[in-house]
Structures are given as structure tokens and as C-alpha cells.
1. So for the chain, taking the charge dipole from beta-carbon charges (+1 Lys/Arg, -1 Asp/Glu), which of LEU70, PRO358, LEU370 sits furthest toward the positive end?
2. Among bridges DSSP assigns within the chain, what percent are antiparallel (round to 5)?
3. Suppose we take every Cα in segment 60-162 and form the convex hull; what volume per residue is that in Å³?
4. Over the chain, calculate the relative contact order: mean separation of alpha carbon pairs under 8 Å at least 6 apart, over the residue count, as a percent.
5. Under the definition of Cα pairs under 8 Å and six or more residues apart, what whole-number percent is the relative contact order of segment 40-117?
6. As I understand it, the dipole of the chain uses +1 on the Cβ of Lys and Arg and -1 on the Cβ of Asp and Glu, about the Cα centre. Which of MET40, GLY343, SER390 lies farthest toward its positive end?
7. State the Kirkwood hydrodynamic radius of the chain in Å, one decimal place, computed from all pairs of distinct Cα atoms.
8. What ranking do 176-182, 378-384, 188-194 get when scored by the average of other Cβ atoms within 10 Å per residue, highest first?
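What follows is calculated from the coordinates using simple rules that are stated; it is not laboratory data. A quick note: this is a predicted structure, and the numbers were derived from the prediction, not measured. FYI the Cβ positions are ideal-geometry reconstructions off the backbone, even for glycines, and counts take in every protein chain you see.
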Amino acid sequence: MIGGSSAAAELAALAPWPNPAPPIASDERAARIERARALMAEAGADALLIGAGASLLYFAGISWGASERLVAMLLPRRGTPVLICPAFEQGSLEAELAIETDLRLWEEDESPAELVAAALRETGARRLAVDPALAFFQAERIRRAAPSADLVDAAPIVDGCRALKSGAELALMRQAKAMTLEVQRRAARILRPGIRASEVRRFIDEAHRALGAAGSSFCIVQFGRSTAFPHGLPGDDRLAEGDMVLIDTGCAVQGYNSDITRSYVFGEADAEQRQIWDVEQAAQQAAFDAVRPGVPCEAIDAAARAVLERAGLGPGYRLPGLPHRTGHGIGLSIHEAPYLVRGDRTPLAPGMCFSNEPMIVVPDRFGIRLEDHFHVTEEGAAWFTRPSPSIDDPFGDPA
């Protein structure tokens with residue numbers, strides 16, 4: 001149903017998620033450490049440095065954002081991981097720490113890079129694989145502090161671990177996505193002529209929190225012409241009859257993300273909106289159907305674009321058509337490797353998780369993006385949540 005309700009009524013009907021997925025267990029974190037060490041050996045790395053951010057959460061359970069102060073884990077090929085952090089943050093970090101570490105503290109007038117260098121000397125590590133998300137200035141300080149160390153990109157190690165999700169990770173993602181789809185369904189119900197996009201964004205954030213999501217929601221709300229720009233325009237759209245509605249939002253559960261987009265018309269869709277919506281749905285389905293273990297990521301993007309080209313759209317990134325990649329990996333980061341885009345030849349493997357969103361843009365008129373997520377199985381792909389059935393029934397039966 002689109003319209004006919006209110007934010008107050010929809011929020012009153014929400015309660016914390018009834019069957020929350022369990023958090024990541026300690027034995028799984030230990031297995032991640034061993035997987036990283038195996039990949040380090042393949043890469044010829046003696047140690048791995050992980051900075052604050054999603055990868056530190058993945059390996060150590062610490063949900064700490066990166067800043068100018070170095071918080072990092074040094075993982076040697078053998079022995080106890082070393083956690084380097086500001087002394088005054090010790091209590092906060094230890095409250096979240098989920099693995100055993102050798103804690104090395106630094107005061108505000110000391111150099112954390114020297115602590116990294118000392119740990120490298122102690123372990124005899126000469127080749128250091130550095131988290132690709134670590135700030136350049138942090139890596140340069142470590143390079144100067146440890147001039148005999150060879151710093152290399154840790155992306156093959158980090159991505160080699162994080163790209164393959166376990167059953168526990170899939171369960172957390174499944175919950176996050178189910179919560180967001182429920183919020184999407186209820187957001188459609190509060191629409192009315194004249195409503196501002198900012199009011200819908202506020203509702204979506206409050207609804208996610210009511211269901212138990214952590215922190216603020218990621219949210220894009222676009223009406224009418226604004227939908228022709230993948231991430232919108234400045235300003236605060238006001239909804240009118242006949243407008244295309246595009247809502248792209250997500251939340252996090254235990255750090256694992258959802259990111260679902262729905263596009264539909266407020267009022268009666270015209271012939272062009274219906275035709276483009278149907279092509280979008282077919283392209284999304286073609287991408288899903290192309291998934292098989294061993295198939296390169298870029299083949300999924302190609303499958304979606306082939307549908308668009310048969311409909312006279314594109315080719316390539318030309319408009320009207322698809323101006324961006326078909327999808328992205330997702331997990332502890334909303335966007336993470338690998339990607340469903342031409343040039344990414346990473347073979348698909350069971351446990352990989354992706355968005356599927358081959359958006360169609362009709363320049364200066366409207367855009368349609370249907371975004372749902374799947375995970376790769378031994379047989380092909382499996383949806384986390386049900387895709388949108390039709391432009392007139394964008395959510396279908398809640399069951």
C-alpha cells in the first residue's frame with residue numbers, strides 16, 4: 001500500500017526484532033585469524049597491520065572509527081596479535097575486544113608508529129601487509145619508523161577473508177535486510193501529497209531504531225526529477241501526484257549492513273514509467289540468473305546490460321541507461337570488494353554477498369533503481385529478501 005497512514009501510526013506498530021541473530025562467536029574470530037595467516041603465507045607477508053574500521057571489527061570485535069590517532073592490530077604469522085592504541089582509550093577498547101591480544105599503549109606525546117616498528121623487530125617481520133583502508137599518512141609514518149620493512153598492499157588478504165561470509169554472518173545480514181524491507185514497506189504508507197523527503201528520512205531512521213538497528217540509518221529519499229540523479233540533488237524534495245519515488249536505505253545489525261532500494265510511482269504510473277520499470281526488473285533478474293560459482297564478477301554486470309541494450313538503452317554507461325556498476329559486495333561495509341562491474345574478474349564463490357541494482361536513468365526525467373541483495377551458493381544465487389513484484393505492488397504480500 002502506498003499512502004493512507006501516518007508516521008505515528010506506523011512507528012506505534014513497531015517493536016524490537018523478535019528473533020535476533022546471534023553475534024559472531026569467539027571460535028569464528030579465531031578461524032578468521034587463521035585464515036588471514038594462511039593468506040599471508042600465500043602472499044609472502046610476515047605480518048598484517050589492520051587499522052580502525054570495518055576490518056578491525058571483523059578480526060578483533062572493535063567497532064572503532066579511524067581518526068588521526070592510530071588504533072591498529074598487528075598480526076604476525078605466529079604468536080599473539082598486538083593491539084596498539086592510545087593509553088587513554090584502553091578501557092573503551094578492552095570493553096569491545098573479542099580476541100586475546102598483547103596490548104601496547106601510547107601516550108599523546110609518543111609515536112604509535114614506533115610501537116609498530118618495535119613489534120616488527122620483535123617478531124622478525126620484514127614484509128608488512130598494510131590494510132588498504134589505513135590512511136596514507138599513517139602508513140608513511142610506519143614506513144619511516146621501520147625503514148627496513150617492505151610495506152605491501154593487504155587487500156588480497158583482507159578481501160580474501162571478508163568476502164566469504166559464514167552462516168553466522170549471513171544470518172546477521174538476513175536480519176538487517178528483513179528489517180530494512182519492513183521499514184521500506186512502512187515508509188511507502190506514510191507518503192502523501194506535499195510530504196518532504198526530510199520527513200520520510202526522519203521516519204526511516206526512527207523506524208530502523210524501533211526495530212533494534214544500531215546507530216543512524218543510511219537513507220536517500222528522492223521524488224520526481226531528483227530520481228534521475230543516482231544520489232539525488234541538493235534540497236528537500238516535495239512529493240506530487242505522479243512522481244517517481246526512489247528510497248534507498250539500510251541499517252546495521254552487529255555491524256552487518258542492509259542496503260535496499262525501492263522505486264514506484266505516487267499515484268498512477270504512466271506508460272513510460274511502466275515500461276522502464278519492467279526493463280529494470282528484467283535486468284535485475286538477468287543479473288541474478290547469471291550467478292554461478294566460478295563465473296567472473298564482470299559477467300553479472302554484462303548480463304544486466306544485455307537486457308538494457310535489447311530494450312534500446314545504453315550501450316555501456318550512456319544514457320538513457322545504466323550509469324554505474326550493477327552491484328557491490330556488502331557485509332561490515334556497505335560497499336566492499338568484489339564488485340559487479342566490467343573489469344572485476346574475481347570468480348564468484350559460495351558465501352560472497354552482493355547488491356543487485358542495475359539502475360536505469362532517463363536524463364532529467366526520472367530514474368528507477370531496484371536494489372536487492374543475494375549471496376552466492378553452490379547452485380547459483382539466493383535472495384536475502386523478496387525483490388519488488390511490480391510497479392503497482394512494489395512490496396507484495398508481507399509473507
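1. The residue sitting most towards the positive pole is PRO358.
2. Once the DSSP bridges in the chain are tallied, antiparallel ones form about 75 percent.
3. Working: hull volume 10.5 nm³, N = 103.
Expressed per residue, the convex hull around the Cα atoms of segment 60-162 is 102 Å³.
4. Values: 852 pairs, mean separation 58.3, N = 399.
RCO, the chain: 15 percent.
5. Working: 121 pairs, mean separation 19.8, N = 78.
It rounds to 25 percent for segment 40-117.
6. Farthest along the dipole direction, towards plus: GLY343.
7. 22.6
8. Peptide ranking by packing, descending: 176-182, 188-194, 378-384.
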